[in-house]
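Only the coordinates and a few stated rules stand behind these numbers; no lab work does. This one's a predicted model, so the numbers in the text were calculated from it and none came from an experiment. Cβ placement follows ideal geometry from the backbone for every residue including glycine, while neighbour counts extend to all protein chains displayed.
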Amino acid sequence: MDHAGQDHIGRIVNSIEQVVDGKSEAVETALVVLLAEGHLLIEDVPGVGKTVLAKALARTVSCTVKRIQFTPDLLPSDITGVSAYNQQTQSFEFKPGAVFANIVIGDEINRASPKTQSALLEAMEERQVTVDGSTYALGSPFTVVATQNPYEMEGTYALPEAQRDRFMARISMGYPDAAAELSIVQQRDAANPLDALRPVATVDDLRSMIAGARAVHVAEAVEQYCVSIARATREDNELRLGASPRATLHLVRAAKARAYVHGRGYVLPDDVDALAPAVLAHRLLAMRGSDGPDAAVRRIVAATPVPAGSPEAR
């Protein structure tokens with residue numbers, strides 16, 4: 001048992017929940033993605049706390065953080081960087097863009113053009129950027145936490161399938177319940193609780209927790225369970241695009257991180273069940289007239305038998 005890691009996890013969760021009321025599941029998934037070295041997409045209507053969650057997650061760890069406000073006139077070079085000519089040295093120098101940080105907050109990512117959105121593809125998958133033929137490595141850890149408004153809202157562009165597939169998980173905040181909304185009104189009328197948020201873990205603590213999550217054991221039966229769920233999405237009659245092998249890998253990594261967050265050194269099928277909708281649904285395309293990807297994933301998970309030999313059945 002990693003007692004130091006569990007202490008840090010408890011402090012991080014408590015800090016975030018000071019400013020994100022009544023959204024414990026969203027907070028946990030955000031932390032799971034961070035510890036799994038993935039990228040998180042937060043999708044919902046304006047005003048429900050998407051950016052607040054992203055900022056709160058970033059401020060709990062004393063690492064480098066950059067925020068990008070995505071707009072229609074944002075250029076790819078604003079994200080990755082640009083080679084500028086230095087007259088004194090008479091040579092080109094690379095000026096790093098906003099993506100060079102441990103945590104990158106991409107606010108309203110689907111308000112930028114597809115060309116600008118695609119500037120993140122190499123960074124999110126390979127942890128590097130290539131500018132003018134030169135490749136520059138990004139720091140470690142590196143996580144993108146992006147927010148987006150629903151596609152049907154004015155001024156938005158749909159994220160390309162390749163972009164969505166690079167996000168480990170997608171979550172929705174949803175409206176708060178009445179008690180949480182009243183608390184928001186009372187607490188934030190005079191001050192923003194984000195201003196009082198301070199780091200409760202260092203970047204070295206974060207690296208240690210990431211290593212702990214990576215070391216969590218996954219039985220072969222549980223790995224097969226993840227593969228079976230992903231393959232079922234490719235064969236489902238209500239889906240026209242199923243989960244990629246990258247999605248299967250992300251599901252396993254996220255399940256390991258969830259087990260670590262819950263203080264276990266091994267993955268249970270319950271970890272997979274809890275994360276499958278968030279990890280898989282945003283990558284899928286449903287047939288017209290179907291119930292949608294989220295419902296399809298939940299149906300597939302319920303119908304997929306837990307293989308014999310897994311640590312626990314459902």
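Close amide H pairs (under 5 Å, H built 1.01 Å from N) link ALA169 with HIS39, LEU41, residues at least 5 positions away or on another chain.
Relative to the Cα centre, the charge distribution of the chain, modelled as +1 at Lys and Arg Cβ and -1 at Asp and Glu Cβ, gives a dipole magnitude of about 380 debye.
Residues within the reach of a label modelled at GLU161 (point 7 angstrom out along Cα to beta-carbon, backbone nitrogen below 18 Å), restricted to the range 265-285, are 280-285.
Modelled spin labels at ARG231 and GLN6, positioned 7 Å past Cα toward Cβ, are 3.7 nm from each other. Using only Cα atoms, tell me the angle between helix 3-17 and the longest principal axis of the chain; keep it within 0 to 90° and round to the nearest 10. On a 0 to 90 degree scale, this one is about 70. Distances between placed amide hydrogens fall under 5 Å for LEU241 paired with LEU285, all partners being 5 or more residues away or on another chain. Taking amide H as placed 1.01 Å from N in the peptide plane, SER83 has its amide H under 5 Å from the amide H of LYS95, each at least 5 places away in sequence or on another chain.
Taking the Cα atoms of the range 1-92, the ratio Rg/Rh between the radius of gyration and the Kirkwood radius comes to 1.13. Each residue of the range 234-239 was assigned a 3J(HN,Hα) from its phi angle through the Karplus curve 6.51 cos²θ - 1.76 cosθ + 1.60 (θ = phi - 60°); the sequence is 7, 10, 6, 5, 9, 10 Hz, with glycine and proline shown as x.
Here the Karplus curve 6.51 cos²θ - 1.76 cosθ + 1.60, taken at θ = phi - 60°, turns the phi angles of the range 253-261 into couplings of 4, 5, 5, 5, 5, 5, 4, 5, 4 Hz, with x standing for Gly and Pro.
Structural descriptor for the chain: relative contact order 22 percent, calculated from alpha carbon pairs under 8 angstrom and at least 6 residues apart.
Classify the chain as rounded, prolate or oblate, taking a ≥ b ≥ c as the square roots of the eigenvalues of its Cα gyration tensor: rounded when a/c is under 1.5, otherwise prolate if a/b is larger than b/c and oblate if not. Since a/c stays below 1.5, the shape of the chain is classed as rounded.
Taking the average, over residues, of other Cβ atoms within 10 Å as the packing measure, peptides 85-92, 249-256 rank 249-256, 85-92 from highest down.
I'd like the FRET efficiency for GLN90 and SER118, computed as 1/(1 + (r/R0)^6) with the beta carbon distance as r and R0 of 22 Å, rounded to 0.05. Write down the numbers at each step before the final one.
Values: r = 33 Å, r/R0 = 1.49.
With R0 = 22 Å, the Cβ-Cβ based efficiency is 0.10.
3J(HN,Hα) couplings calculated from phi for the range 129-140 with the Karplus curve 6.51 cos²θ - 1.76 cosθ + 1.60 (θ = phi - 60°) are, in sequence order, 10, 10, 10, 6, x, 9, 10, 10, 6, 8, x, 10 Hz; Gly and Pro show x.
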